[in-house]
Structures are given as C-alpha cells and as structure tokens.
Amino acid sequence: MTAVARTGPRARLVLRTKGTTLSIVVGTLVALVAWEIAARSLAASTAQGDRVLPSLVTVATDGFLGLGHYYSGGLGVSAESAGGDGSALASVLALASNALVTMSRVAMGLGLAIVVGLVIGVLVAAVRPVRLSVSGVAELMRMLPALAMAPLFTLWFGATTLASVVFIVFSGAFVVLIATVNAIANLPPHVTDYPRTLGVSGVRLYGGVVLPAILPELRGSLVFTGLVAWTTVLASEMYGLQSGLGWMLNDTLRFSLIDRMVVVAVVFSALALVTMKLLGSGVSRLTRWNA
Amino acid sequence: MTVASPGTQAVPPVALSRAAGGRPRRRAMAGAIGWRLLGVAVFLVLWEIASLVADSRAVLPGPLNVVTDFGGSFFDDAGLRYLGVRSPGYAINIGFTVGLSILAWFVGSMAGAVVGLLSARSQVVRNISEPLLFVFGAVPALVLAPFFLVWFGQDPISKMVLVAFYCFVSVGLVAQSAALAFPPSSEEYAATQGLGARARFLHVIVPGTMPAVLSGLRIALATAIAVQATIELLGSQFGVGRLIALRATQGDVSSVLGLSIALGVVAIFLDFLLRRVIRALTRWQ
Amino acid sequence: MTTTQTDLAFEIRDLTVAFGKGPAAITPLRSLDLTVPRGQFLCILGPSGQGKSTLLRCMAGLQSPTSGSVLAEGTEVTGPDANLGMVFQQDAIPLWLRVGDNISFGPRMRGVAKSEWEPRVRHFIEAVGLAGRERAWPKELSGGMRKRVAIGAVFANDPDILLMDEPFGSLDYFTKATLHDTLLDLWAETGKTIVFVTHDVDEALKLADRIIVVTDGRVGADIPLDFARPRGDDLRMDVTADAIRRDLLEVLQAPAKVQS
C-alpha cells in the first residue's frame, strides 16, 4: 500500500437500528413528567396557570369527571341515572358512547374507501385508455385539500354520520384507487399468465390472483388511508357534527376547558393508535407470504 | 443467457428504452397525458350535466358557476368586506395559506428527513425519536390543533408549527423506512473502500435514499396545504380556511368548491414543479 | 517454503462463528485454521450455505468471530478497512455515481490527493475495458459492465488484499470468461493477494493458485494448483486437472453433516 496509512480498528458497522418498546415507554414517561413540571410551575407563577396547563391530577379528576353531560343514553343506562357531570360512570359512558360513534364512522368510511378504491382500480386497470383517464381524474382529486372541505359535506348531507362517512370515502378512495392501478400496472406478466394457462379467468383471476398479488405493494397506501380516515373523521366531527369524540373535543374547546380536552384527546389518540397498529399488523399477516 | 441472482438489481426497462432512443417513450408519454386530459374533460362534462339535473345552485353548482363566482371574488369581495372581513380577496388568502404551508413544509420535512435517516443508523437518535414517530405515525396531528388554538390563539406561527410537525413525522417515517430498507451490501462496500460511519452516512445513505425521501416530500406538500387550511377552519384571521368557514356559514357551496379547487390547482402546480426538480436530482435512477 | 509473520496475507486460527443459541444455533465455521501467503490467488470452494461466505466476511471484517482470531498482514481484523477490498455478489456500487466517479470513489472519500489517484484511476478504467464510458450511469450498463466497475474501483483503491464473494455468479458464460481474463491480468500486474469465493469448480480451476474447500465448518481439502498460466480450455484435457476436478465435485456433493 503506497499512500494510505494502515488505520486502527474501526467500529462495528451499524446497519440497522431497532425500535424498542422501552424507548416509547420512557419517552412517554418523560413527556408526562415534563408536562407536570411545566403545569405546576405555571400554576405557581400565574393565577390562570391551572386552567391553561392543568396538572395531570386536575386532568384526571376535574377533566375526566366534567365529561358526564356528554352522555345522552344508549348504552343501557339512562342519561339521568348515569349522573351527569361529576359522576365517573357518566364520564365513562360518555367517552364510550362517543368513541363507539367515532369508531363506527371510521370503520364504515375506511371499509368503503378501500372497497371502492380497489374495485374501481381493478375494473379500470385492464384497458390502458380507461386506466389513464380514470387515474388522471383520481390524481387531481387527490390533490384537493379534502380536509378543508369538511363544511361542504355537512352542507350536503347535514350534521349526520352519512356526511362523515362520505367525507372519509372521498378523502381515501382516490389514494387506494391510484395505488391499486399502479400496483396492477407493476405486476410482472407471468403472475397472471401462469394462472391463465391453467384456465383461470375473469372474476376468479382478479379476486383470487391479482388482488393477493398486489397486496404487498398496497400495504403502505392502505395504512396511510387508515390515518387519512382518522384525520378526516376528526375534522368532520370538529366541524359541524353533534356526536363523536371530535365533537366532544370541539365542544370543550369552545370553553377552553383544557383539562377535559386532554381526556378526550387521549382517548381519541389511544383508539387511533390501537386501530392503526391493528390495521398494520393485519395487512402484514395477510402478506406474510411475501419475501 | 443471464441468470439473475436474488440480489442483483436489474436494469429497468424504461431506462433501456431511454438509452435506445427517446422517441418511442416520448410518444407514449404524450399519449398518456392525452388520455388523462380526456378523463378530466369527461369528468367536467359529467359534473355540468349533474348540476343541470340537480337544478339548484345551492346544492350542486356546475363548473362554470364555480369558476364565475370564484373569479368575481378573486381580488376583492364586497359582500365579505361589508361583513367586516379583512382582506376578503381570494387571491391574497390563497397566497397566505400556500405561503405559510410551503414554509412550514420545508422546515418540517427537512428536519424530518435528517432525523429519520439518522434514526436508522444511530440507536441513540432512534430511541429519542421513536416515541414521537410511533405515536404520531398513527395519531392524526390534527388532534393537537385545538390545544394550539387555546395556548397560542390564532397566531399564524402556531399553525405553521403544527403543519411543520405533521411534515416532520410524515417525512421522518418515510426516511427512516427507506434507510432501514437500504441494501446492506452498498454500505458494506463503502466500508471496504475505507469510508467511516460519517462518510458512509453522507455519501451513501443520503444519496441512496434520496429518491424515496424526495417522493415522501412531494406527498407531504399537498397534505401540508390541506392541513394548514383545515387549521384555519377552526379559527384564523387570514387564509383560505377562514374563507371556507365563512362561506359555509352562508351556505355558499359554489365558493367552498371554488376555493378548494383553487388550492388543489396550486397544489398540482407545485407538485409538477417538485417532480421536475426531483427528476433532475435523480437522473441516475 | 518458510513463512514468517509478514509474508502472510492472512493468518486465521481456531476461527469459530456461531449464530443463535441453544439447539437452533447454526455454526457455519468451527475452529477453522487457514494461512494465506501474500500474492496468492486463493479460491474458496464449497456447497451453498456451508460457510464460505461467512469465512470471507470474517476476513473482510464484516463479521465478528465468536472465537478465534483473524490476522491480516500481521494485524488483527476488527472491522472493514480500505486495505481489505471487497467485490460483492450483488451490485453494491453506488448507482448515483457515474462510472468515473465510481472508480475513484474510494480514494476520493478517503481524502487522497487528486494528483495521486487520478493516474491510477485512469489506468484501471482502461484496464477493465471501460475507457470512454466514464460519464455513463450504472443503470445504462449491463451486469457484466457493472462488475467491471466494481473490480476497477476496488483495484483503484489500492488495497493489499482483495476479497471476492462469488462476484460473477449472476453472469453468463461468455461474460464470465472475459472477466476471468481481465481479473487475472490485473492480478498479474499488481501482485495483490486475492481470495475468491465460488461454487463453480471450473472457475476455481481456471483462476486459482490454491483451492480450499470449506465443509462442515472447517477446511476440508487444500489443493495447490501448479498448472501453467494462462489456462485455457486445454486444462480440461489435462489428466491431473481432471482428477482434481472429480475429487472436488465429490467433496462438494457429499451430503452435509448435521450441524450441531
């Protein structure tokens, strides 16, 4: 070796880091502690401190118990006997009933968005001119600020679950459609040629061969659409609807009741987190055959 | 006869055709654009027909109505001004919304790309960023908007912070996943050429993941504009979201459609520009 | 021939590599001993999945031994190093660099002065047959040409030792044959030590000074090849070569013992 000096030992090559549950737990704890410290020091320095940044204790007590009046019956316990504000039972029922409403909207909207996107995508993928014209429109629709169009859907469908579901489908179907069309276009020919030499055709070919084959490539878009669904339902409920966790959040916002807002936001976030992770692992399970 | 081994990267057929001669590909592209435009034209016609069938401007105004109404309020709007709305002209509000979005997108996405890439190779960075990316990769950042509104009022900076945060998480996750999926042999090769960890990061990971990261940036921009407008819906002094909220309370479907489509058009134009830039930066692909 | 410490490119003692723990553990290398003199062209043969790539990666510093030691030119190998150049089985060259920049990648990144590396890089671009293609992107090249880039790049970085992990595995017969000749010319010119992993017996017979077979985690056979160079098709007629070939095939095709 002429010009290069023989260097000393090099560090081991780090080619992949790993996400650890511990780091998430520690991070959450650190965030909670930081919040509490900030809340208490703010409360000590200003009169309104506890309102603006309530301590976690306040959140867990006043915040949680102040939600009772959002329960209007329907879960087997009548609104009056639940107890209204100040009753833990009422608060739990309030959160549960509204959470159910929100989740049902997400489920219906997301399910429909995926079905519509997949079906239309598969239908148009075969013929090139149709595929291009439809995806041309879909790509333009995808660039619309769907979230900001929340008022439009309440104008059209009223403050109803239908408005929310249609809104979610509008926001998500185009993403799935475009992803489906691209995935089918990227399929190597032999994936369909081989089954066709076995005599498989038509619906069986598309349902039993094409759809599973494109699923790995669709994974990212499906998970993304899940996040779109949750964001869209939140926007629709914060803007105009009269039920659901988003509505509770908006209603408590009107009076700047941060302690109650925190409780609702935490419940909403927990639901979104759990369902999104389930969606991700669900799709992974369906595509576990993929190398 | 070549037998491809699992790890060999094949030369994509598009590239071969480009090397062979540009004309067949260009002709195919022109055809593709033509069909897309045809699709859009058909859609507009169907929309016009549907509006005629609905026969109610309040429910479904046709595309022509939307354009006319939009044009009328482009620079100023007497009606809104009478209601005491400051700067009611659509143009300036679009400029406001888009301008803030772009700034927030740029800052947030760059930070996200850096942290995302680093987190794939440095366990320390990963441990710190993991809670944020894990939670807000699944929880819509919009849930923070009401809190920002209470704490910081209708201040445009706080809106930008939220949009930047959304872009940070979005691009951060894309960058992290691209760096984690990057073929190890490329980095090992660089190590055997004598590159240390820092040199490998700057000269192998960054350029190698650039196509995926830039693609993530592109997608984040369109959504950043939408998120900015949505936050403005909740409460703002300026911007398209504020106008949409006002028009919605007036029941003015045409204006809501017009404003939304206008933002969409701007987003499409910016996306087109970005794609050009990206193609110039990734000629090697 | 007496070999002193500094005459050895590699001194490997008692090398063991184990993955996993307990009954499911895989031990591709078990107490392997090997010495490689400088300037030798060594081929490592073996059936797939029997440890030859693991051995090469230990020699390159990309894999840490579970126990035992690997010394390269008298110094312990603790990680990858510019002196242990490697050509990979997959396309590992950066795709975002043109051919010229790719071949000068190593010296440029290490901060070597341009005046020093430029003549060397230019020479190796020519030597691997890519003169005139310096501005091409790797995506525009065939698989064989991309291998030439990889070979040119590793020689241009001037390591004392070159390690090659089945570099021509994915290429067709004729491309492979041309690359063999190119590689042998470069080896004759530079006198580097080359350790070449392959599962192709004919390839090993054509290229190597010495063939070792890794079976059951150890060096199972160690065969010097004294045939004159250049070795063409007439090697097939040679009786000794044929006998070696048959022996090697027999060793390679023997069923692998259960790893325990």
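The values are calculated or read from the model by the stated rules, or taken from the named source; none is laboratory data. A quick note: this is a predicted structure, and the numbers were derived from the prediction, not measured. With ideal geometry, Cβ positions are generated from the backbone for all residues, glycine too; neighbour counts draw on all protein chains shown.
Quick look at the values:
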quantity: Qualifying residue in the stretch A:12-25 (condition: farther than 21 Å from residue A:264 by Cα, within 7 Å of another protein chain (Cβ to nearest Cβ), at pLDDT 90 or above and part of a helix (DSSP H, G or I)); calculated: yes
quantity: Test: residue in the stretch C:201-215 that is at pLDDT below 90 and crowded, with 17+ Cβ neighbours inside 10 Å; calculated: yes
quantity: Selected residue (only one of A:110, A:118, A:132, A:100 is touching a Ser or Thr at 6+ places or on another chain (Cβ under 6 Å), at pLDDT 90 or above and in a helix (DSSP H, G or I)); calculated: A:118
quantity: The stretch C:109-124, residues that are within 11 Å of another protein chain (Cβ to nearest Cβ) and surrounded by fewer than 17 Cβ atoms within 10 Å (Cβ to Cβ); calculated: C:111, C:113, C:115, C:116
quantity: Residue match in the stretch B:256-269 (condition: more than 10 Å from every other protein chain (Cβ to nearest Cβ) and either closer than 17 Å to residue A:144 by Cα or not in a helix (DSSP H, G or I) (or both)); calculated: yes
quantity: Hits in the stretch A:229-251 (condition: surrounded by fewer than 24 Cβ atoms within 10 Å (Cβ to Cβ), part of a helix (DSSP H, G or I) and within 9 Å of another protein chain (Cβ to nearest Cβ)); calculated: A:250
quantity: Test result for residue C:68, under 28 Å from residue C:254 (Cβ atoms) and assigned to a strand (DSSP E or B); calculated: yes
quantity: Checking residue B:171 against (1) more than 10 Å from every other protein chain (Cβ to nearest Cβ); (2) surrounded by fewer than 23 Cβ atoms within 10 Å (Cβ to Cβ); (3) more than 19 Å from residue A:249 (Cβ to Cβ), the condition it does not meet; calculated: (2)
quantity: Residue B:206 vs. criteria at pLDDT 95 or above and either within 14 Å of chain C (Cβ to nearest Cβ) or under 22 Å from residue B:130 (Cβ atoms) (or both); calculated: yes
quantity: Residue count, the stretch C:8-38 (criterion: within 14 Å of another protein chain (Cβ to nearest Cβ) and in contact with a Lys or Arg (Cβ under 8 Å, 6 or more places away or on another chain)); calculated: 1
quantity: Verdict on residue A:209 being surrounded by 14 or more Cβ atoms within 10 Å (Cβ to Cβ), in a loop (DSSP other than H, G, I, E, B) and either more than 14 Å from chain B (Cβ to nearest Cβ) or among the charged types (D, E, K, R) (or both); calculated: no
quantity: Criterion violated by residue C:69 - all others in (1) buried (at least 19 other Cβ atoms within 10 Å of the Cβ); (2) within 30 Å of residue B:199 (Cβ to Cβ); (3) away from chain B (no Cβ under 12 Å); (4) over 18 Å from the mean Cα position of the chain (by Cα) satisfied; calculated: (1)
quantity: Any hit, the stretch B:157-165, residues being closer than 24 Å to residue A:39 by Cβ and not in a helix (DSSP H, G or I); calculated: no
quantity: Verdict on residue B:194 being part of a loop (DSSP other than H, G, I, E, B) and within 20 Å of residue A:153 (Cβ to Cβ); calculated: no
quantity: Unmet requirement for residue C:89, which otherwise passes all of (1) in a loop (DSSP other than H, G, I, E, B); (2) without any contact (Cβ under 8 Å) to a residue 40 or more places away in the chain; calculated: (2)
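Matching residues to (1) among the small types (Gly, Ala, Ser); (2) surrounded by fewer than 21 Cβ atoms within 10 Å (Cβ to Cβ):
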{"site": "A:65", "(1), (2)": "no, yes"}
{"site": "A:72", "(1), (2)": "yes, yes"}
{"site": "A:85", "(1), (2)": "no, yes"}
{"site": "A:88", "(1), (2)": "yes, yes"}
{"site": "A:95", "(1), (2)": "no, no"}
{"site": "A:116", "(1), (2)": "no, yes"}
{"site": "A:123", "(1), (2)": "no, yes"}
{"site": "A:147", "(1), (2)": "no, no"}
{"site": "A:150", "(1), (2)": "yes, no"}
